[in-house]
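Single-structure report; data block below.
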Amino acid sequence: MAYSPVTKPCKRPRSIQSEHRSFQAAWEEEYLFVEWPKEKATCLLCKEKVNVPKRYNLERHYKTRHASYSENFPLHSQLRSAKVASLKQTLLSQQKLFLCQMKESEAVTEASFQICYLLAKHKKPFTEAELVKKCFLSAAEILFENYSNKSSILKEIGALQLSDSTCARRIEAMGENIQEQVIKAVRESPFFSIAMDESTDIGDVAQLLVWVRYLDQSLHPKEELLCLLPLHGHTRGEDILDSICNYFETHHIPLDSLVSITTDGAPAMVGHDRGFVSLLKKKLTGQPVIDYHCIIHQEVLCAKLKHGELNNALKLAVKIVNFIRARALNHRHFKAMLQDSEAEYTVQTS
C-alpha cells in the first residue's frame, strides 16, 4: 500500500512591511544613521543607504566602515552629539538644494509643455517653439533690466527645452494622456453614443473618425473625439465593424452601454444587410440601439443632381468664385467694390 508523503504548508516569505520595522532615534548617535528616505536609513558619514533599517545592519556598517570614529567622538559625549547635529544639518541642506533643483526642473518642464500645448492649439509648426524662446530671452533682457535676479530669470528661460523633436514628444504625450482620460470617462459612463464618418486622407488611406457623447461623473453630457482609425484595404461594413470592435475591446469599453449611432448615408454604413449599423445590431442581439444618419451628405448630393433645385444656384456661385479668384485684378476690383458698399467681409489669408 503506497502512502503519500505528508507535506507541510508552505510559509509565506517574510517581507519588510510584514515585520513593521521602525527606525530608532537612538541609532542616530549610536551608529550615525538617519531615516531618509522613507523606510530606509542613510549614513551621515558616507551617505550610503541601507534598505532594511534594523540594528544588525546598521551596526555592521558602522563597525566595518567607521570603527575609528568612536575614538575621536566617544559615544554619549557632547562632542559626538554636536558632530551628529552638524552632520544632520549638512544633509538637510543638501536635501533642500536637491529638492529646489527638482522643483526648478519640474517648472521648466511644465512651462515647456504649456508652450507646446499653445502651439498645437493654434496649429503652429513645432519649429516655431525655438522662435518663442528667442522672443522670451529678448523681452526678458529689457523687462528685467533693473531686477537683481535678472541672470537667474534668463537662466530659467534658457533652460526651456523647445526643439522640434521635443515639442513632438510633448504633444504626443499630451495627446495620449487626453485619450486615456476620455477612454476612462467613457468606460465609467452608464451610457454613451457615437457619431462616425469615413473619409480619405492625402495618402489615399481611408480614415474613420469616431466622436463620442457620454455622461461625466456629474451626469452632464460631454462630447469628445474618441479616435481616428485607419482602414487599410476595403471600407465595407464588416471592415468598419471589425475596426470599431477591436478598438473597443482593446480599451475595455463595454459595447453594452452603447445606445445610439449616428452615421452618414453611405451603403457601407446604413446598408440593409451588410451595412455597419445592421451588422452591429446583429452582434448586439437584444440590445436596443437607435441609429441616425446625417442629412448634410444628402443636401450635397441634391445640389449636384442634374435637375436639382439647388443646381442653378450652385453653378452660379462656383462661376462667380472662379471668376474672382482667376486673376489678381478681378480680386482687387471685388475688394474695392465691397469697401465702397461698406460690406462686411473676411479676407482669407490661406
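The values are calculated or read from the model by the stated rules, or taken from the named source; none is laboratory data. Given the structure is predicted, the values throughout are model-derived calculations rather than measurements. Note that we place each Cβ from the backbone using ideal geometry, even for glycine, and neighbour counts take in every protein chain shown.
Quick notes on this one:
- Region 253-287, residues that are among the basic types (K, R) and in a helix (DSSP H, G or I): K281, K282, K283
- K38 falls short on exactly one of the conditions (1) modelled with pLDDT of 85 or more; (2) surrounded by fewer than 16 Cβ atoms within 10 Å (Cβ to Cβ); (3) not in a helix (DSSP H, G or I), and that condition is (1).
- Residue in region 154-172 that is touching a residue at least 40 places away in the same chain (Cβ under 8 Å), of a type in the set (D, E, K, R) and in a strand (DSSP E or B) present: no
- Contact map, region 178-199: first residue within 14 Å of L228 (Cβ to Cβ), second residue aromatic (F, W, Y), Cβ cut-off under 6 Å, separation 6 or more or different chains; pairs are A195/W211.
- Residue match in region 253-276 (condition: without any contact (Cβ under 8 Å) to a residue 12 or more places away in the chain, under 29 Å from F126 (Cβ atoms) and surrounded by fewer than 11 Cβ atoms within 10 Å (Cβ to Cβ)): no
- Tallying residues that are of a type in the set (K, R), surrounded by 13 or more Cβ atoms within 10 Å (Cβ to Cβ) and at pLDDT below 90 within region 144-179 yields 1.
- Checking each residue in region 126-153 for being free of Cβ contacts under 8 Å to residues at least 12 places away in the same chain and not in a helix (DSSP H, G or I) picks out F144, E145, N146, Y147, S148, N149.
- Unique match (being surrounded by 11 or more Cβ atoms within 10 Å (Cβ to Cβ) and in contact with a helix residue (DSSP H, G or I) (Cβ under 6 Å, 6 or more places away or on another chain)) among V182, V212, V186: V212
- Residue in region 221-238 that is part of a helix (DSSP H, G or I) and over 30 Å from E106 (Cβ atoms) present: yes
- Residue, nearest to the chain's Cα centre (by Cα), within region 45-98, restricted to residues that are among the small types (G, A, S) and surrounded by 10 or more Cβ atoms within 10 Å (Cβ to Cβ): S93
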